[in-house]
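Structure first, then comments.
The values are calculated or read from the model by the stated rules, or taken from the named source; none is laboratory data. Remember, it's a predicted structure, so these values are computed and weren't measured experimentally. So basically every Cβ, Gly included, is an ideal-geometry build from the backbone, and we count neighbours across all protein chains shown. Each accessible area value is taken on the protein alone, full model and side chains, heavy atoms only, with ligands, DNA and RNA left out. Shrake-Rupley method; radii C 1.70, N 1.55, O 1.52, S 1.80 Å.
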Amino acid sequence: MEPTATTSGPAPEEGAADAFWLAEAVRLSRSCPPSTAAYSVGAVVVAEDGRVLGAGYSRRDDPHDHAEEVALRGIDPEDPRLAGATVYSSLEPCSSRASRPRSCTALILATPVRRVVLAWREPALFVDCDGAERLTAAGVTVVERPDLAQGVREVNAHLLG
């Protein structure tokens, strides 16, 4: 598991708890190696009781790593806590990618996770992302917190011109 400021915190729910965990995802995104061809993203997977199951950031172990992919990679897919977990991502999970066979949206949908919280929708700089729509169509609750997007924009300012 990626080191985080805490290994546990508030139980996931709309409001202050979501803001707490999204702030953690944004903090993780600041650890991303720089890139001119990909966003810097952080992600945290949090169980119903507020324990961190997995966390990561883009390009952590490999130049093609995405944050959600890294966060999910460290969790046993049979872990029963996944069914009640929430994925917090600083940026909307990708819906397509050239570097790996499965998008982050597909990786999330392959788990029993049924709640995703994001701070910022992916701008159409590299791809036309529709991850939030795909997750919603599959029955996943998607909560968008645009009030927390400023930190995500700051860490990606070099891409936004």
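The modelled label-to-label distance between Glu14 and Val143, using points 7 Å beyond Cα along the C-beta direction, is 0.8 nm.
DSSP finds beta bridges in the chain, and of those with both partners inside it, around 55 percent are antiparallel. Our helix-only sum for the chain, with -39,500 (n - 2.57) per DSSP H run of n ≥ 4 divided by its residues, gives a mean residue ellipticity at 222 nm of -7000 deg cm²/dmol. Ordering Thr105, Thr111 by accessible surface, largest first, gives Thr111, Thr105; the 1.4 Å probe counts only protein heavy atoms, with every chain in place.
Sequence-ordered 3J(HN,Hα) estimates for the stretch 16-21 from the Karplus curve with 6.51, -1.76 and 1.60 and θ = phi - 60° stand at 4, 5, 4, 5, 4, 6 Hz, glycine and proline given as x.
Per residue, how much accessible area does the chain have with a 1.4 Å probe, in Å²?
45
Potential lengthening of the chain between His64 and Arg102 amounts to 12.5 nm, from the contour at 0.36 nm per residue minus the alpha-carbon distance.
Full extension of the chain between Ser35 and Glu154 yields a length gain of 41.4 nm, computed as 0.36 nm times the residue separation minus the alpha carbon distance.
Close amide H contacts of Arg51 (hydrogens built in the peptide plane, cut-off under 5 Å, sequence separation of 5 or more or a different chain): Gly9. Its relative contact order, with pairs defined as Cα atoms under 8 Å and 6+ residues apart, puts the chain at 21 percent. The accessible surface of the chain, taken with every protein chain in place and a 1.4 Å probe, is 52 percent carbon and sulfur. Backbone geometry of the stretch 91-100 corresponds, through the Karplus equation with coefficients 6.51, -1.76 and 1.60 at θ = phi - 60°, to 3J(HN,Hα) couplings of 10, 3, x, 5, 10, 7, 7, 8, 7, 9 Hz, x marking Gly and Pro.
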